[in-house]
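Let me begin by presenting the structure, written as structure tokens, before commenting on it.
What follows is calculated from the coordinates using simple rules that are stated; it is not laboratory data. None of the values given here were measured: they were computed from a predicted structure. Here the Cβ is made from the backbone with ideal geometry for all residues, glycine too, and neighbour counts use every protein chain on show.
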Amino acid sequence: MKTLIFFSLLMIAMTSATAQQRIEIYPNGIPNSKNQSSERYQKNIPELFVYKPTTVDKHIGVLVIPGGGYAHVAIDHEGHQVASEFARNGYTAFVLRYRLPHEEIMLDKRIGPLQDAQRAMQLIRENQKELDVDIQKLGVLGFSAGGHLAATLSTHYKKSYIENRAKTNLRPDFSILCYPVISMDTTITHMGSRVNLLGRSPSNEDVELFSNELQVNKATPPTFLMSALDDKGVVVENAYRYQAALKKHGVSNEIYTYPNGGHGFGLNNKTSEEKWMKSCLLWMSKLK
């Protein structure tokens with residue numbers, strides 16, 4: 001493996017981030033790609049931003065995957081701000097800027113984002129010395145379409161969509177899914193995410209494969225879910241179906257719901273003084 005490409009990020013003018021490092025996650029070239037000279041390709045170079053604990057290190061890492069309907073990456077309020085909060089609470093956080101699925105730059109757009117999420121897990125687990133981190137447990141957190149990607153990572157880990165010569169474990173140790181897109185079922189899915197990932201006329205096999213409530217089994221990671229009951233963008237039934245599947249298979253889970261708040265509020269739901277992150281951190285502290 002070539003040396004990972006690290007960039008110092010003590011100050012980043014373009015965002016509010018205070019990440020210590022930025023990493024290009026594919027030093028040997030991006031898999032499943034084409035048209036590398038195109039503008040779309042150049043805007044979709046996957047990166048990982050590293051946030052290290054600013055308090056006592058709990059030796060737990062969280063891969064943060066922002067949402068955006070598989071059309072953009074909401075990397076500030078669903079990425080950098082969240083990672084900063086984890087770092088303030090003693091966790092190492094990694095924000096993933098993943099590729100947006102598109103046939104112009106991918107041979108198979110269905111798996112492009114999942115490849116990037118799997119590669120992030122692999123990179124973190126294989127390069128702790130280079131990253132100067134000590135992570136004994138590594139989980140994933142995703143918002144909206146990023147929640148779909150996090151749930152896909154949590155249920156499709158047995159198949160490696162990337163080169164994995166060391167057979168590194170790609171399964172997250174826990175999952176946090178925030179107002180997540182879970183299902184590709186047209187009765188509850190976010191249609192923009194479905195179309196962007198699978199196209200306008202996906203096969204029944206693809207609809208089933210990427211409906212993550214149908215992919216849960218007893219080895220699926222323990223999961224914390226969060227949604228607002230009045231969410232019109234991604235209806236709460238997505239979270240409920242995933243929770244029902246977790247319960248069916250005896251997987252530990254917890255759900256936190258707001259009466260109001262809609263969709264896409266990130267860390268802070270302005271309709272409530274209650275902080276879902278507080279409940280999430282308490283849940284994480286009880287994980288075995």
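Here's the picture: charge each Lys and Arg Cβ at +1 and each Asp and Glu Cβ at -1 in region 152-205, and of Pro202, Ser160, Ser183 the one pushed furthest to the positive end of that dipole is Ser160. Per-residue 3J(HN,Hα) values for region 215-232, derived from phi via the Karplus relation 6.51 cos²θ - 1.76 cosθ + 1.60 with θ = phi - 60°, read 9, 5, 9, 5, 9, 4, x, x, 9, 10, 10, 9, 7, 9, 5, 9, 5, 8 Hz in sequence order (x marks Gly and Pro).
Might you report the magnitude of the Cβ-based charge dipole of region 13-160 about its Cα centre, with Lys and Arg at +1 and Asp and Glu at -1, to the nearest 20 debye?
Charge dipole, region 13-160, about its Cα centre: 320 debye, nearest 20.
What the phi angles of region 249-256 give under the Karplus curve with 6.51, -1.76 and 1.60, with θ = phi - 60°, is a coupling list of 9, x, 8, 4, 7, 8, 10, 10 Hz, glycine and proline written as x.
Show me the GluC sites (Glu not before Pro) within region 192-255 that DSSP assigns to loop and that have at most 13 other Cβ atoms within 10 Å of their Cβ. Mind showing how you got there, number by number?
Details: sites: Glu205, Glu208, Glu213, Glu237, Glu254; in loops: none.
Here no GluC sites (Glu not before Pro) fit, given the DSSP loop and packing criteria.
Let me know the charge dipole size of the chain about its Cα centre in debye, to the nearest 20, where only the beta-carbon of Lys, Arg (+1) and Asp, Glu (-1) is charged.
Working: 33 positive and 28 negative charges, 122 e Å.
For the chain, the charge dipole is close to 580 debye.
Where both bridge residues fall in the chain, DSSP classifies roughly 35% of the beta bridges as antiparallel. Between the amide H of Gln21 and those of Leu9, Val50, distances stay under 5 Å, these residues lying 5 or more places away or on another chain, with hydrogens modeled in the peptide plane. Computed over all pairs of different Cα atoms, the Kirkwood value for the hydrodynamic radius of region 59-206 is 15.5 Å.
Just to be sure I understand the rule: take each whole DSSP H helix in the chain, project its Cα atoms onto its long axis, keep it if the span is 18 Å or more and its mean Kyte-Doolittle hydropathy is at least -1.0. Which ones pass?
Working: long enough: 112-126 (21 Å, -0.73).
TM-like helix candidates: 112-126.
Length gained on full extension, Lys288 to Asn35: 86.6 nm, using 0.36 nm per residue less the C-alpha separation. Between Ser160 and Asp132, the modelled labels are 2.9 nm apart [label points 7 Å from Cα along Cα→Cβ].
In order along region 61-70, the phi-based Karplus estimate (6.51 cos²θ - 1.76 cosθ + 1.60, θ = phi - 60°) of 3J(HN,Hα) comes to x, 10, 8, 9, 10, x, x, x, x, 6 Hz; Gly and Pro are listed as x.
For Cα pairs less than 8 Å apart in space and 6+ apart in sequence, what is the mean separation divided by the residue count of the chain, i.e. the relative contact order in percent? Please report the intermediate quantities before stating the final value.
On the way: 615 pairs, mean separation 41.8, N = 288.
So the answer I get is 15 percent.
Going through the cross-link list Lys159/Lys275; Lys34/Lys137; Lys129/Lys248; Lys137/Lys247; Lys34/Lys129; Lys159/Lys270, which pairs have a Cα-Cα distance over 28 Å in this structure?
Numbers: Lys159/Lys275 36 Å; Lys34/Lys137 35 Å; Lys129/Lys248 39 Å; Lys137/Lys247 23 Å; Lys34/Lys129 32 Å; Lys159/Lys270 40 Å.
Going by Cα-Cα distance, Lys159/Lys275; Lys34/Lys137; Lys129/Lys248; Lys34/Lys129; Lys159/Lys270 fall outside the 28 Å limit.
A simple charge model with +1 on the Cβ of Lys and Arg, -1 on the Cβ of Asp and Glu and nothing else charged puts the dipole of region 93-237 at about 360 debye relative to its Cα centre.
The value for the chain of Rg(Cα) / (2.2 N^0.38 Å) is 0.93.
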